[in-house]
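Bear in mind these aren't lab numbers, they're just calculated from the coordinates by the rules spelled out. Computed from a prediction, not measured in an experiment: that's the story for all the values here. As a convention, Cβ positions derive from the backbone with ideal geometry for all residues, glycine included, and neighbour counts pool all protein chains shown.
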Amino acid sequence: MNKFILAIGRRVNRLLYPFGYKMTTVGYLNARDLVRLAGGRGEKLTAYKEREYAELDPRCKGRLDRITGRIESHVQGMAGLRYLEVGTGTGRYMEKFLKNPSCDAYEVYEVDWQWRDYLSKTYSSDRRVIIKECDGRTLSPTSSASCDVVTANGVLVYQKHCINLSYMDEMYRVCKKGGIIAFDVLLSSKIRLDDLREFTRREMLFPVLSPDDMLEVWIKEKGLQLEDKFDDALQPYITSTYYVLRKMGN
């Protein structure tokens, strides 16, 4: 990786972090830069990022298939599925979910205008993909109880707790009875001081740790059923915990 790009990325990270932008292990790169780098390698953007991750940390190899596969296993046999993803970004997870022949619609919420523009152009021929207006806190354009699979991948790991809770409440609102809500977090019980020091050393200053007990209270409050809970690589050197929950109420 070009050392100059890394150095610039680290400086930009420090400037952008207070505004809530997601950062990567190789420094912040906006949509235009990342697409150009992938194109220079003759690769699709999604494949480029996953290959880059796997080269830095072998645990990342196959992570998208593992994660999306486990989520999809809970909607097997269901037809006419409507998906909604919070923070779609590069579209890596969406690309996998769209391969499900039962996927009839896919709502995209992405606050970064460059990534929204990229996704809109990349998936313009796929009528299932619906780009929604995003305010960075709610899913207000989506009707209540209208989606079968509601996900947030690598999003609740860097947002402030109040924003996370707002999104979680909204994910519950838009999910149908019997539908699935799936998201990953960085649990405070699983992060050590040495982990935080390593994040700092690598200029990965974004992690926001979620208290386990707060999540348990929210799950109980909403009457959600815990279908699955597992750990996998979020990105190189970082492991997040996925919750897969089924909505039992209205």
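In the neighborhood of Leu245, defined by Cβ-to-Cβ distances under 10 Å, what is the net charge if each Lys or Arg adds +1 and each Asp or Glu adds -1?
Within the 10 Å Cβ shell, the charges total +2.
Reported to two decimal places, what Rg/Rh ratio describes segment 32-165 when computed on Cα atoms with Rh from the Kirkwood expression?
Across segment 32-165, the Cα-based Rg/Rh ratio is 0.95.
Would you mind giving the average projected area, over all directions, of the Cα convex hull of segment 90-154 in nm² with one decimal?
Mean projected area of the Cα convex hull: 4.6 nm².
Report, in cubic angstrom per residue, the convex hull volume of the C-alpha atoms of the chain.
Looking at the chain, the number lands at 121 Å³ per residue.
Segment 168-207: percent of C-alpha pairs farther apart than 14 Å?
Across segment 168-207, Cα pairs with separations above 14 Å total 62 percent.
Lysine pairs in segment 62-246 with Cα distance under 26 Å, only those 8 or more apart or on different chains: how many are there?
Within segment 62-246, the lysine pair count is 29.
Semi-axes, largest first, in whole Å: what does sqrt of 5 times each Cα gyration tensor eigenvalue give for segment 54-133?
In descending order the semi-axes read 21, 19, 10 Å.
Please compute P(r) over all alpha-carbon pairs of segment 137-250, binned at 10 Å starting from zero, and give each bin as a whole-number percent.
Histogramming segment 137-250 at 10 Å steps yields 14, 46, 29, 10, 1 percent.
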